[in-house]
Amino acid sequence: MVRQSVLRCVLVAVLVGSLLIWMVSPAAAGGPVGGGGGTGSQVNETLTAGAIVLIAAAVVAGGYFLYRGLHHGGTGPEGEKPTAVQSRRLIVILPLENTSPEAEGGDLATHIAETISAAVRESKGLLLAEPAKVQSALAQIRIGPEEIPLAVGRRLGAKAVLEGTVSQFGALTELRLSISETASGAVRSEYAAWANDEDMKENIGRIVRSLAEE
């Protein structure tokens, strides 16, 4: 943001300097080129010199900040040092598929996805992509299903994308996840099974911690 403000000031300085030069030129003043009295001519020359100095200083300042942005910029926006939020890994969670027998599943997939999302939000090293942005990206992408996770992750600037299935058979719940790394395109699998809520939280916590540690 600081560099943008400076560059705006540079542009204004160049415009003001150019306007001053135009205003004191004989053509703009309506007089003959090369004519004019002593005092008025000296004033015009002084204003012209000042305008040229102003433009030169603006160009030098603009060049300096451009050089800083190209060669010394940080990983955050505008070359600034990344904030705590910017340094966290952005994670996309795609809707999970419920593959349970018809009578077993209910809203299992939604419940598990919400549990994973809550664990990601609580992690200091992770940041959850907003569901609305995920749905918008899914609606705009027109490619094969196998390419969707990476496409969504790269569109949102995420580090990793989670997708998978959940199944329930009686008291047993199974979770199969595919985790796609957007930078490398590598995909790894995670499997977890549990029979109670305590085991569920432990297994999901383990998976989320592995994302934060990578």
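The values are calculated or read from the model by the stated rules, or taken from the named source; none is laboratory data. Computed from a prediction, not measured in an experiment: that's the story for all the values here. Positions of Cβ are backbone-derived with ideal geometry, glycine not excepted, and every protein chain shown enters the neighbour counts.
Cβ-Cβ below 6 Å, separation at least six or inter-chain, first residue in region 86-99 and among the acidic types (Asp, Glu), second at pLDDT 90 or above: which pairs?
Listed pairs, sorted by first residue: 97/165.
Output the residues belonging to region 144-161 that are outside any loop (DSSP other than H, G, I, E, B), charged (D, E, K, R) and surrounded by 13 or more Cβ atoms within 10 Å (Cβ to Cβ).
Once the filter is applied, which keeps residues that are outside any loop (DSSP other than H, G, I, E, B), charged (D, E, K, R) and surrounded by 13 or more Cβ atoms within 10 Å (Cβ to Cβ), region 144-161 yields 154, 155.
Please verify whether residue 166 is in a strand (DSSP E or B) and surrounded by 13 or more Cβ atoms within 10 Å (Cβ to Cβ), treating the condition exactly as stated.
yes
Specify the residue that is surrounded by the most Cβ atoms within 10 Å (Cβ to Cβ); the eligible residues are those in region 95-143 that are more than 20 Å from residue 192 (Cβ to Cβ) and more than 20 Å from the chain's Cα centre (by Cα).
Among them, the one singled out is 143.
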